[in-house]
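The values are calculated or read from the model by the stated rules, or taken from the named source; none is laboratory data. Only a predicted model underlies this, so the values are computations on that prediction, with no experimental measurement involved. When we count neighbours, we look across all protein chains shown, and the Cβ atoms used for this are built from the backbone with ideal geometry, even at glycine.
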Amino acid sequence: MSNNRQSTTARIIKRTKVDGTVKFVIQQRHFIFFWWWVDAWVNNDISTQDSFLTLEEAKKHLCYFDGSKAKEEIIIEMKKKLKSLDEHNSNSWSNYSSMFENSPKPNGIACPKCGEELMDSQPMATLTSHPPKKDIHCPSCNYRGYRIA
């Protein structure tokens, strides 16, 4: 038995059943109780295999459990489409300049009096109350009030 038990991640054992049938089984350490060995299963698209008739066949599948990494190669790589500095600046300026527009804007909330859509009276202004609030009004029935920002 190895002194450094945790360094071994997988092993092959020979299992002889009561009737004399010999199978070779790949075992790996349990993911939580690392001192336990559990039978490993080899999965493919059709079936699952937990034992092998020959030691050579078991050795062939041991690479799936010994920490070996699959080799990956990039075949096609899509580059991220970047916008030019001029595109960014023109888009940002239009967004920035519209930020300071303080005319009333619909907010998607129904008026408690008439049911029409309320407007934020001054979208750039927020009351620093707790919780913060916005001034609202209804252009249909002249309702006025505040909503939580």
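Can you pull out the strands (runs of 3 or more DSSP E) entirely within the range 91-149 that have at least 1 residues that are surrounded by 12 or more Cβ atoms within 10 Å (Cβ to Cβ), modelled with pLDDT of 90 or more and within 35 Å of the chain's Cα centre (by Cα)?
Those strands (runs of 3 or more DSSP E) span 105-110, 133-137, 144-148.
Checking G145 against (1) in contact with a Leu (Cβ under 9 Å, 6 or more places away or on another chain); (2) under 30 Å from R29 (Cα atoms); (3) small (G, A, S), only one condition comes out false. Which one?
Every condition holds for G145 apart from (2).
Residue-wise test of (1) over 28 Å from the mean Cα position of the chain (by Cα); (2) among the polar types (S, T, N, Q); (3) at negative phi; (4) at pLDDT 75 or above.
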position	(1), (2), (3), (4)
Q6	yes, yes, yes, no
R15	yes, no, yes, yes
K23	yes, no, yes, yes
Q49	yes, yes, yes, yes
H61	yes, no, yes, yes
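So the check is Cβ under 9 Å with 6+ separation or different chains; which pairs have a first residue in the range 129-149 that's small (G, A, S) and a second one that's surrounded by 15 or more Cβ atoms within 10 Å (Cβ to Cβ) and in a loop (DSSP other than H, G, I, E, B)?
Short answer, once both residue conditions are applied: S140/C111; G145/C138.
Of the conditions (1) at pLDDT below 75; (2) surrounded by 10 or more Cβ atoms within 10 Å (Cβ to Cβ); (3) of a type in the set (G, A, S), G67 fails just one. Which one is it?
The single condition G67 does not satisfy is (2).
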